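Derivation of every value follows stated rules applied to the coordinates shown; laboratory data play no part. Source: prediction; values computed, not measured. Quick reminder, even Gly has a Cβ in these numbers, built from the backbone with ideal geometry, and neighbours come from all protein chains shown.
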Amino acid sequence: MERWKLKAVEFITGLTLLQKPNPSVIRYYPQKTSITMPEEAYFRRSAPEKHGISSLRLIDMILELEDEDRAKLHNMLVIKDGEIICECSAPGYSPNIFHLSHSMSKTVTGMAIGFLVDEGRLSINTYLTDLFPEYKTRDKRFKNITVKHLLTMSTGVMFSEAGSVTEENWTEAFFASKLAFNPGSMFAYNSMNSYILAKIVTRISGMSLVNFLTPRLFAPLHISNFFWEKGPEGVEKGGWGLFLSAESWAKLGYMMLNKGVFENRRILSRAWVEDSVKMHGNAPDKAGDYNYGYQLWVSRTGDDFLFNGMLGQNVWICPKNNIVVVINSENNELMQKSPALAIIKSYLNTDTFENRILPFHNADLLRGYEMHFFKRRHWVKAKKPLRGLAYRLGLKYPKPFDTEWLKVLGTYTFVKNNHSILPLFIRLMQNNFTGGIESVRIEKRHESLFFTSCEGGICYKFEVGLYEFKTTVLNINGEKYLVKAIGEAIEDEERNPIFKIELVFPEMPNSRRIKLNFNGKGRLVMRLSEIPDQKLAEPLVESLYVSNPTFAFAISLLEKRIGDKFILRKLESMFAPSLIGANTDSNEYAEIIESESLKLDEEQQSTKGISSAIMKLTKDNDDNWR
């Protein structure tokens with residue numbers, strides 16, 4: 001068994017069963033070390049009617065998106081004929097700050113390969129072993145892998161993105177991996193193919209991927225607000241980790257729409273663009289409505305193509321209507337099968353735009369819907385300030401502290417856990433574990449509310465807005481996160497107080513919800529949830545079963561004794577845990593902590609045995625197979 005597969009078993013059992021404060025099996029290093037910078041708008045705003053599209057059509061599209069529970073959008077830009085005809089952002093977000101794109105990064109890496117080909121420095125038929133002769137391979141078929149196989153996701157290499165959190169030497173593990181099929185014979189999506197493409201760019205150019213792309217792509221497109229995370233080998237991840245704003249993605253989409261031209265300047269060769277958007281790999285139907293080109297998706301039935309990243313990041317290009325649409329989201333999507341994208345295509349991928357054409361000035365009606373985009377979907381409702389005489393005179397109106405929050409102020413401690421205010425999905429992607437929440441403090445300063453979470457001996461404080469989002473930059477283990485927080489005090493059906501805090505990470509496709517129930521006797525129930533949520537757990541665990549049959553065998557034996565899908569249930573509880581805290585000033589403090597400690601001890605006794613059994617069965621079964 002490859003080392004990364006065994007370490008994956010160790011990681012998943014440490015995270016879910018043993019609930020280690022730090023379940024990581026590789027060294028930690030900061031990856032998101034930059035915060036977004038302000039970015040000027042580029043595209044000109046225009047009335048949809050100028051381009052033959054009714055504002056009412058776009059309003060209907062917005063309303064349908066808001067009614068679709070599975071669509072949780074952050075930003076949406078619609079570009080028609082080079083001008084913005086619709087621009088929306090949910091509260092807390094902006095199309096002009098950078099946002100993690102996940103696998104949309106692959107398309108930019110593919111462009112970098114295109115530059116090397118256009119400059120005569122690389123052929124897509126070059127063999128991978130000729131580019132990296134120093135790496136040893138175990139599978140004889142490796143010698144047949146070409147750059148084109150990397151571009152088209154047809155290498156057959158089994159070392160995948162799942163190994164990125166269990167292995168530090170990505171390139172060595174890639175070359176040491178087994179192949180699932182002969183190169184070029186099948187399609188199998190694997191982000192490590194894209195990472196190796198990034199390595200190729202750095203090897204041939206002698207510079208980082210970002211430095212190579214800046215004069216060729218970013219600068220000509222006036223893209224200055226970007227950041228690309230690097231892997232443990234010091235190379236940009238290639239297949240993920242790129243932060244770009246929605247408007248920057250719109251520029252890239254518009255350049256590809258125009259066959260590689262931007263502002264009348266040739267960026268990529270027409271031949272490369274046209275070859276990129278041809279079908280080179282047959283993707284399975286369950287992945288969505290697209291097959292695969294060069295690091296992007298191409299329609300099975302039309303001329304449209306797609307840059308796509310998990311959790312709902314998309315740039316959709318529709319040549320027949322000269323349209324580019326960019327959406328950033330926090331959806332439960334791993335591939336490009338997207339309800340939001342389906343809605344957008346139903347309105348904009350038509351053969352005709354016959355609709356209710358309004359006079360141009362009625363485009364102001366559309367502006368109103370854009371300004372309130374997704375507001376009714378927000379979990380926390382902002383408190384409305386009293387607008388008295390001062391407000392009517394044009395002066396500032398007071399925003400006093402919400403006295404309901406006085407009931408929950410204080411410091412609360414928790415027994416050992418491995419949770420964080422940072423969403424689990426972000427921690428998994430960046431290997432960023434804080435050691436668990438030890439205590440939280442809720443305090444009032446003047447008319448402001450502050451929340452502090454102490455994790456692994458370090459305290460992270462942010463302001464919670466009561467009337468609007470308040471912004472904080474958190475540095476968590478060297479990773480920098482822009483955070484916007486808003487809170488609300490309400491009552492349940494039995495008039496018990498409930499306190500809600502919504503954390504938006506404007507640069508990330510993830511958000512955090514905190515729900516606090518306080519019984520008035522020192523006991524606090526803190527329920528954490530996140531979006532995307534535990535629905536992502538099932539395909540992630542299933543992918544581990546597929547890539548690691550010995551782990552699947554061990555789990556199947558244990559499930560016969562302790563219940564079906566117990567690992568999945570444990571992982572789901574990691575996405576939405578409930579923690580019991582005790583107020584340090586309460587008379588019941590010691591009793592509450594003792595009770596929770598006993599529960600924890602009982603749980604750990606049972607899970608330690610299960611974890612040991614899984615590791616033993618996995619190793620023994622692997623030895624037998626050898």
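At what distance in angstrom do the alpha carbon centres of the stretch 490-513 and the stretch 266-317 lie from each other? Centre-to-centre (Cα) distance: 37 Å. Distance between the pseudo-spin-label points of N475 and R121 (7 Å out from Cα toward the beta carbon): 3.5 nm.
Rounded to the nearest 500, the helix-only mean residue ellipticity at 222 nm of the chain stands at -9500 deg cm²/dmol, with each DSSP H run of n ≥ 4 adding -39,500 (n - 2.57). Other residues lying with their Cβ under 10 Å from the Cβ of K484 contribute a combined charge of -2, Lys and Arg counting +1, Asp and Glu -1. Maximal additional length on extending the A590-S34 stretch stands at 195.9 nm, based on 0.36 nm per residue less the C-alpha distance. Extending 7 Å from the Cα toward the beta-carbon at both D285 and K416 defines two label points whose distance is 5.1 nm. Footprinting exposure proxy ranking of T166, T33, fewest other C-beta atoms within 10 angstrom first, gives T33, T166.
Highest mean first, the peptides 477-484, 598-605 sorted by other C-beta atoms within 10 Å per residue fall in the order 477-484, 598-605. Ordering of 100-110, 289-299, 584-594 by packing is 100-110, 289-299, 584-594, highest average first (other Cβ atoms within 10 Å, averaged per residue).
Within the stretch 1-91, all pairs of alpha-carbon atoms sorted by distance into 5 Å bins from zero give the percentages 3, 9, 13, 12, 10, 8, 9, 8, 9, 9, 7, 3, 0.
The radius of gyration of the Cα set in the stretch 263-383, together with its Dmax, comes out at 17.4, 56 angstrom. Extension gain for R569-D69 works out to 177.7 nm (0.36 nm per residue, less the C-alpha to C-alpha distance). Using a simple spin-label model with pseudo-atoms 7 Å out from Cα toward Cβ, V210 and R377 lie 3.1 nm apart. Rounded to 0.05, the FRET efficiency of the R300 and N322 pair, given R0 = 25 Å and the Cβ-Cβ distance, is 0.70.
Summarising the overall dimensions of the chain from its C-alpha atoms, the Rg and Dmax are 25.7, 82 angstrom.
Absence of a disulfide-compatible partner, taken as no other cysteine beta carbon within less than 4.7 angstrom, is noted in the chain for C86, C88, C318. For the residue pairs K278/K337; K381/K416; K80/K484; K32/K143, the alpha carbons lie more than 28 Å apart in K381/K416; K80/K484; K32/K143. Ranking of C88, C459 by neighbouring Cβ atoms within 10 Å, starting from the fewest: C459, C88.
Cα gyration tensor of the stretch 402-489, axes a ≥ b ≥ c as square roots of the eigenvalues: rounded (a/c below 1.5), prolate (a/b > b/c) or oblate? Judged from the Cα gyration tensor, the stretch 402-489 comes out oblate (a/c at least 1.5, b/c at or above a/b).
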